[in-house]
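As structure tokens, the structure follows; a few thoughts come after it.
The values are calculated or read from the model by the stated rules, or taken from the named source; none is laboratory data. Source: prediction; values computed, not measured. Note that we place each Cβ from the backbone using ideal geometry, even for glycine, and neighbour counts take in every protein chain shown.
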Amino acid sequence: MRRDRTGCTRHRSRESTMTDALFEDAPRPARALGPGAFWLPGWLTLEQQAWIVDRFHEWRAGPVPIRSATVRGHEMSVQTVCLGWHWRPYQYSRDAVDVNGNQVLAFPDWMLRLGRRAIVEATGDSRSGDTYTPDTALVNLYDDDARMGMHQDKDEATLEPVVSLSIGDSATFRFGNSENRNRPYEDIELRSGDLFVFGGPSRLAFHGITKVQPRTAPTGCGLREGRINITMRVTGLTD
Ligand SMILES: O=C(O)CCC(=O)C(=O)O
Ligand SMILES: [Fe+2]
């Protein structure tokens with residue numbers, strides 16, 4: 001038994017222990033996919049991921065239960081629960097008028113602090129940590145077959161950056177251009193613990209999830225199957 005770099009416990013044969021030194025997982029350095037778009041692999045520790053998954057189980061139960069939003073008569077394959085403001089295609093409200101009319105849970109303080117740290121570490125701009133004030137989070141749950149088509153996050157009244165955190169199964173994230181959903185785009189694999197930030201000139205880039213890789217969630221992340229993605233945003237709305 002050994003622990004890998006992410007603290008993940010795995011059972012290993014003697015042979016695989018020997019070959020690890022030869023064929024380690026390639027390192028995944030932080031990188032920019034475009035101006036204002038930053039990918040920081042392995043940003044959350046397994047402990048943080050498991051703690052957030054515990055919170056997710058609280059959120060999904062209510063006061064507004066997790067549900068698949070209906071877009072032009074079709075249910076999305078992803079299920080969503082919101083914090084701070086409730087999102088439905090294509091607007092925000094405090095009350096979940098398309099679910100049960102209840103007010104969504106408040107946006108938690110710890111998530112505000114996490115969002116600020118994410119922005120500072122992604123952009124390298126320490127001042128942004130004082131001003132970035134996300135007031136909503138969309139928490140998406142993907143099963144093996146769930147996808148999210150190419151879209152822009154444009155229901156917010158500001159162009160403040162979006163902070164995205166992934167936990168559980170890996171997924172193929174397609175990050176494109178701001179003109180349309182076609183090429184040029186780049187496909188990257190978002191794994192459990194990865195941070196992705198898009199703001200500035202990339203804030204309105206089209207993006208989506210083309211595939212979830214079942215059974216790739218690392219041991220200890222809190223999810224045995226499926227994928228959670230949290231996107232924090234600044235709605236720019238007031239009551
Ligand atoms: O699941 C993801 O990584 C992306 C989610 C997303 O684009 C959204 O919720 O608007
Ligand atoms: Fe999005």
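Could you look through region 202-234, keep only residues that are of a type in the set (Lys, Arg) and more than 16 Å from TYR142 (Cα to Cα), and pick out the one that is nearest to ligand 1 (Cβ to nearest atom)? The qualifying residue nearest to ligand 1 (Cβ to nearest atom) is ARG233.
Yes or no: region 79-91 includes at least one residue that is within 16 Å of ligand 2 (Cβ to nearest atom) and of a type in the set (Lys, Arg). Yes: one or more hits. When region 149-167 is limited to residues that are within 17 Å of ALA205 (Cβ to Cβ) and of a type in the set (Val, Ile, Thr), the one that is surrounded by the most Cβ atoms within 10 Å (Cβ to Cβ) turns out to be VAL163. Exactly one residue out of ALA205, ALA171 is crowded, with 16+ Cβ neighbours inside 10 Å, under 17 Å from the mean Cα position of the chain (by Cα) and outside any strand (DSSP E or B): that is ALA205. For region 171-186, a residue qualifies if it is within 11 Å of ligand 1 (Cβ to nearest atom) and not β-branched (Val, Ile, Thr), and the qualifying residues are ALA171, PHE173, ARG174, PHE175. Inside region 183-194, residues that are away from ligand 2 (no atom under 14 Å from the Cβ) and closer than 17 Å to THR216 by Cα make up a count of 6. With the condition kept exactly as written, say whether any residue in region 85-101 is farther than 29 Å from ALA32 by Cβ, of a type in the set (Lys, Arg) and part of a loop (DSSP other than H, G, I, E, B). Looking for residues that are farther than 29 Å from ALA32 by Cβ, of a type in the set (Lys, Arg) and part of a loop (DSSP other than H, G, I, E, B), one finds at least one in region 85-101, hence yes. Considered as a group, the residues in region 44-62 that are touching a Leu at 6+ places or on another chain (Cβ under 7 Å) and within 22 Å of TRP85 (Cα to Cα) include one that is surrounded by the most Cβ atoms within 10 Å (Cβ to Cβ), and that residue is TRP59.
Right, PHE56: in contact (Cβ under 8 Å) with a residue 24 or more places away in the chain and either on the phi > 0 side of the Ramachandran plot or assigned to a strand (DSSP E or B) (or both) or not? When the stated conditions are applied, PHE56 does not pass them.
Listed by first and then second residue, the pairs with beta-carbon distance under 8 Å, at least 6 apart or on different chains, first residue in region 224-239 and exposed (fewer than 13 other Cβ atoms within 10 Å of the Cβ), second part of a loop (DSSP other than H, G, I, E, B), are ARG224/ALA217; GLY236/GLU156; GLY236/ALA157; GLY236/THR158; GLY236/GLU160; ASP239/ARG94. Screening region 149-168 for residues that are part of a strand (DSSP E or B) and within 12 Å of ligand 2 (Cβ to nearest atom) and picking the one that is nearest to VAL120 (Cα to Cα) gives VAL163.
Tallying residues that are away from ligand 1 (no atom under 11 Å from the Cβ) and of a type in the set (Gly, Ala, Ser) within region 127-169 yields 3. Only one entry in ALA137, ALA122, ALA118, ALA146 is small (Gly, Ala, Ser), touching a residue at least 24 places away in the same chain (Cβ under 8 Å), surrounded by 19 or more Cβ atoms within 10 Å (Cβ to Cβ) and in a strand (DSSP E or B), namely ALA137. Any residue that is away from ligand 2 (no atom under 16 Å from the Cβ), outside any strand (DSSP E or B) and under 20 Å from ILE52 (Cβ atoms) - is there at least one of those in region 225-236? Checked against the condition, which is being away from ligand 2 (no atom under 16 Å from the Cβ), outside any strand (DSSP E or B) and under 20 Å from ILE52 (Cβ atoms), region 225-236 yields at least one hit. With respect to GLU189, is the statement that it is modelled with pLDDT of 95 or more, within 13 Å of ligand 1 (Cβ to nearest atom) and surrounded by fewer than 17 Cβ atoms within 10 Å (Cβ to Cβ) true? It is true that GLU189 is modelled with pLDDT of 95 or more, within 13 Å of ligand 1 (Cβ to nearest atom) and surrounded by fewer than 17 Cβ atoms within 10 Å (Cβ to Cβ).
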